[in-house]
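Here's the structure, in structure tokens; my notes come after.
Just so you know, all these numbers are worked out from the coordinates, no wet-lab data involved. Just so it is clear, the model here is predicted, and its values are computed rather than measured. Cβ placement follows ideal geometry from the backbone for every residue including glycine, while neighbour counts extend to all protein chains displayed.
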Amino acid sequence: MARQRDSGDPPPTASQNTASTGENPAHQPARSPHPPARGSVPPPATAPRTTTPPPGPYPPAQAAPTGPAPAPAPHTAGPFATAQPHLADPFATAQALSTGQAGSTAATAPPVTGTPLARPPGPHHPGRPPGDPPSPSAPDRTGPSGRTSRLRIGWHTVPRAALRGVALVPPTGAGLLLGRDQQQVPVPLRIFSPGSHRIVLVGGVRAAQLLIFRAFSIGARALVVTTEQRAWAGFGERATGQHNRLTVLGGEPTSLPPGTAQTPSLIVHDLGVTGPATAPPLGPWSTQLTVLRQLDRPGVAALQEAELTLLQRLGGDEATLAAATLRLDQQNGQLLPFMTDDMMALIGDGPARFVFLNQTGIELQYVGPPMR
């Protein structure tokens with residue numbers, strides 16, 4: 001029979017209650033010592049702002065320092081969802097949310113990542129890759145990053161001994177390639193300069209047209225005075241595709257076209273066996289080319305006045321007259337009748353030279369072989 005507890009007796013203990021009720025305390029649910037107040041709800045967790053984590057001494061295997069970590073952000077669906085950092089201790093986060101301290105500790109707990117949080121060596125400058133700038137002595141380099149060495153402009157010094165050896169050379173005239181000599185050395189023909197020049201060609205019309213064709217390549221304009229206009233008809237248009245690069249006249253002109261450095265002037269006199277009786281004086285960047293179809297006594301005066309003389313293959317009498325007028329030695333005089341059709345002798349520019357014309361395919365097409 002159970003005894004009634006007197007009001008003055010002490011309260012029964014847990015073991016006594018267990019014994020009286022027959023319940024095991026291990027199966028009883030745990031009760032929170034501080035239950036939340038009614039009507040109070042923990043504040044919602046906010047996702048931490050994505051920033052570059054500060055450097056820290058924590059290796060990958062070591063956990064974050066003791067303290068609550070930031071709460072995870074709500075899951076965002078979609079391919080562009082931002083990955084959230086892994087939390088170190090979810091139970092610590094739950095405890096921080098229950099006590100209202102998650103907002104104050106979120107900025108102090110760095111996330112645990114798979115790599116150490118170490119800043120790259122050297123100062124970092126926004127807008128360019130990290131690293132030291134290239135030294136002035138480093139070679140120029142350009143890579144996928146677009147990094148190149150800095151351009152440095154400065155003074156260049158020259159020793160006084162080298163400066164005294166520098167001499168100003170007067171500008172030479174514009175020349176065209178006449179051909180190659182027997183040693184295959186290029187032979188230029190100085191045909192235009194700031195002054196005026198006189199050249200004589202003893203040869204045929206095609207040889208004269210070959211010289212004019214090459215003069216067109218350096219911008220020259222030609223004026224032809226001839227007694228046989230049919231031989232020159234259409235040559236300028238065929239060679240240049242323009243109608244104003246070559247003008248053909250049947251008589252002596254009253255004035256000559258002026259020449260410039262960009263457009264020199266070439267005056268051609270094709271009068272058979274003699275040169276022009278009277279001609280206006282030549283201006284700067286102008287050259288007179290006299291074509292003698294055959295060398296005879298009337299053409300001797302033109303040879304004597306010329307600065308340069310070009311000779312194609314000559315006959316016996318022509319070779320004798322040319323050697324005497326130009327004062328050639330016996331050996332060079334004897335070679336004049338034995339030149340081939342694609343050769344010329346250059347007299348007056350140093351020693352006499354025998355030049356192979358070396359025509360190109362275009363020249364053969366528009367001019368043809370330079371036969372007399």
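See the values below:
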read-out	value
Label-to-label distance, nm, for residues given as Arg372 and Gln262 (7 Å Cα→Cβ offset)	4.2
Extended-chain gain in nm, criterion 0.36 nm per residue less alpha-carbon gap, Asp296 and Thr320	7.6 nm
Extension gain from Glu252 to Gln182, taking 0.36 nm per residue of separation minus the Cα-Cα distance	21.3 nm
Net dipole in debye of the range 286-372 [+1 Lys, Arg Cβ; -1 Asp, Glu Cβ; about Cα centre; nearest 20]	80
Chain lengthening between Phe338 and Ile218 when straightened (0.36 nm per residue, less Cα-Cα)	40.0 nm
Integer Hz, Karplus 6.51/-1.76/1.60 couplings in order for the range 229-246, x for Gly and Pro	5, 5, 5, 10, 5, x, 5, x, 5, 5, 7, 10, x, 10, 9, 10, 8, 9
Mean Cβ count within 10 Å, highest first, over the residues of peptides 256-264, 312-320	312-320, 256-264
Sequence-distant residues sharing a close amide H with Thr260 (under 5 Å, placed H)	Ser265
Amide H partners (placed H, <5 Å) of Trp285, local residues excluded	Ser193, Gly195
Residues whose placed amide H lies under 5 Å from that of Leu178, excluding near-sequence neighbours	Val187, Leu189
Phi-based couplings in Hz for the range 270-286 (Karplus 6.51, -1.76, 1.60; Gly and Pro marked x)	10, 10, x, 10, 9, x, x, 5, 9, 8, x, x, 7, x, x, 6, 10
Inter-site label distance for Glu307 and Asp349 at 7 Å from Cα along Cβ, in nm	1.1
